[in-house]
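See below for the structure under consideration.
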Amino acid sequence: MRAVLLVLRLFLAEKRLALALGLLLAALTAIAGVALLSLSGWFITATALAGLSAASALAFDVFAPSAGIRFLALFRTAARYGERIVTHDATLSVLAGMRETLFRTFATARSARALALRPARLLFRLTLDVDALDGLYLRLLVPSGVALASALFAALSLAFVDGRIALAVGLLPAVAGFGIAVIAALKAEKPARHRAVALEAVRGRVIDMIAGATDLLMAGRLEASRQNVETAESRLAETDDRLNRIETLAGFGLAALAPVVGGCLLVALACLVEAGVIGVPVAAFALLLALAAVEPFTALKRGALEAGRILAAARRIAPRLGETPQEIAVAPPPPGFALLAENLVLRHPGAGRPALSGLSLEIPAGEIVALTGPSGAGKSTLMALIAGEITAEAGRVAALPATLLTQRVELFADTLAGNLRLARPDATEAELWAALDAAGLAETARNLPQGLETWLGEGGSGLSGGESRRLSLARLLLADVPLLLLDEPTEALDTETARDIVARLAAARGGRTVLIATHSAQDVEIADRILVVDKGQLCGNFKCRETAFAEVASRLRKR
């Protein structure tokens, strides 16, 4: 419940006046509908009785009631239109702000690194969970407020007819209607929660199967993956069946309110008419008023069924919404240094041994340094630590502002210029071309149909592996930072392309410090120094003129 209250506070903080106006318009729409039906019933009945004699027909005023009916009809239409516009616009604005807040918290270095292992989680939080929260206002608060307003209006109106009837009409629908809705919500809470999990499983497994179809086929696991999807789909179908049964019973109970209330009221009104307390037109007015006031309670059904889904979504994302996004701060190094690390200790969650264990090193500004060592030695961990993506358990690191090029090329479904401007949004077209030229991709870009405005597919589809790597290098060079971190920059490239990329990097770095984590001999050719890391510790530090430098480079992989 605390999670729901937090989300509700965010709703109110974002669009308080608009949400209040939407609720008011919804209540006025319902009240206008109740008044229209009851007044029309009274008018028709009174007109019929007045027509029984010429004297009463001449004395009966048809203009005032008919004007009231027209006014209520027009008012209800306008209020309904305004309510739809205001409530949905306010809700969509709140959800848009909520998605932005969530994305900012997920985009921090610490969270982004964790999400890289399960990228579908971010998608589901931004879509399924945020979409579920629109029901908090549109399907819970608004229908509940409208139902209460209708019951209160009916009770106040019937108080002029009979106090006991007014009390009964006000309490019976409210107690029974909300009671049925609460019972349905409690029954639906567990299957609604299970449905959200099952739906997430179905979508995640389908995405994994489609994205990894080639690998699954080669590994002989495509059929097993398909069966996993079918299993998740069957669980989703089971929860849908359970929710449908609850919905049917809740719908039957809420729909039965009108005939029950109407039947009891009809008997009471007949007694009052027979006793001469009220006339037939007033009895018709009271009966139709009560029936119309009960109708809004049927809208509670959908909110009751989605209450469990809303609660589960609020529990998952409320902690994130309450956070203030904080990046990991890396202290600046002393003058003349690009990096200074002392006694770094870091252990990944669940790991048996530390990834870094008492590692210390210093890199002067302006150098090109190669970082090498066996797989699992701690190279990528050190790069992430320098980039401010993770923090050390012990020790101190001070580094110039840095940007990290990981082993995986991250390109997006956007234009060539759009992918480049991720590094510097204010870059001019001339600067973009200069970066492409430095990376050896300018000629290829000029031959594309629309140049910089050529659209790339998801993951940079449309470019070869080497072109994608060159584009990522151009984006790296475009970044206005003094320290460039490259993790296996030429992995999976042929020898000629790899040599060309590292040579262009050395020529275009503009005096910036470069740290390259690599297993490749070609990447070391441009280095001023080579650092050897093993088991989380620095085991060697050799300058390019030293014999040990050549010995280490000779043991690296050659294409």
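Per 0.36 nm of contour for each residue apart, how much would the distance between residue 217 and residue 396 grow if the chain were fully extended, relative to their Cα-Cα spacing? Kindly include the intermediate steps, with their values, before the conclusion.
Numbers: separation 179, 0.36 × 179 = 64.44 nm, distance 4.66 nm.
Once the chain is fully extended between residue 217 and residue 396, it gains 59.8 nm.
Distances between placed amide hydrogens fall under 5 Å for residue 394 paired with 345, all partners being 5 or more residues away or on another chain. Going by amide H atoms built from the backbone, whose H comes under 5 Å of the H on residue 513, apart from near neighbours? The list, which skips near neighbours in sequence, is 366, 484. Once the Cα atoms are used to define both axes, helix 257-274 deviates from the longest principal axis of the chain by about 20 degrees. Taking segment 225-246 and a reference point 7 angstrom along Cα→Cβ of residue 206, the backbone N atoms nearer than 18 Å belong to 225-241.
Counting lysine pairs in the chain whose alpha carbons fall under 25 angstrom apart, excluding pairs fewer than 8 residues apart on the same chain, gives 8.
If you add up the charges near residue 473, with Lys and Arg at +1 and Asp and Glu at -1, over every other residue whose beta carbon is less than 11 angstrom from its beta carbon, what do you get?
Numbers: positive: 469, 470, 475, 504, 509; negative: 467, 500.
That works out to +3.
Geometric descriptor of segment 2-321, per residue, is 152 Å³ (volume of the convex hull of the Cα atoms).
May I ask you to work out the translational diffusion coefficient for segment 265-361 at 25 °C, viscosity 0.890 mPa s, via Stokes-Einstein with Rh from the Kirkwood sum over Cα pairs, reported in whole µm²/s? Kindly include the intermediate steps, with their values, before the conclusion.
Values: Rh = 21.7 Å.
Answer from the Stokes-Einstein relation: 113 µm²/s.
Quick one: if the Förster radius is 41 Å, what FRET efficiency do residue 12 and residue 447 give, using the C-beta to C-beta distance and rounding to 0.05? Could you put the intermediate results ahead of the total?
Details: r = 55 Å, r/R0 = 1.34.
Between residue 12 and residue 447 the formula returns 0.15.
Normalising the Debye intensity of segment 313-434 to I(0), with uniform scatterers on Cα atoms only, and taking log10 at q = 0.11, 0.16, 0.22 Å⁻¹ returns -0.56, -1.01, -1.24. Taking max minus min of the alpha-carbon positions on each principal axis, segment 337-554 gives extents of 52, 38, 29 Å, largest first. In order along segment 297-310, the Karplus-derived 3J(HN,Hα) couplings, from 6.51 cos²θ - 1.76 cosθ + 1.60 at θ = phi - 60°, round to 5, 5, 6, 6, 4, 5, x, 5, 6, 8, 4, x, 5, 5 Hz, and Gly and Pro are given as x.
Extension gain, residue 345 to residue 62: 0.36 nm times the residue separation minus the Cα-Cα distance gives 92.9 nm.
Gyration tensor over the Cα atoms of segment 448-559: the corresponding equivalent ellipsoid has semi-axes (square roots of 5 times the eigenvalues, largest first) of 29, 15, 13 Å. Neighbour counts of C-beta atoms inside 10 Å place 345, 282 in the sequence 345, 282, starting with the fewest.
The fraction of Cα-Cα pairs per 10 angstrom bin, counted from 0 for the chain, comes to 3, 13, 17, 17, 14, 11, 9, 7, 5, 3, 1, 0, 0 percent, rounded to whole percents.
We did not get these values from a lab; they are worked out from the coordinates using the rules stated. Here the structure is a predicted model, which is why all the values come from computation and not from measurement. Cβ coordinates were reconstructed from backbone atoms using ideal geometry, including for glycine residues, and neighbour counts include every protein chain displayed.
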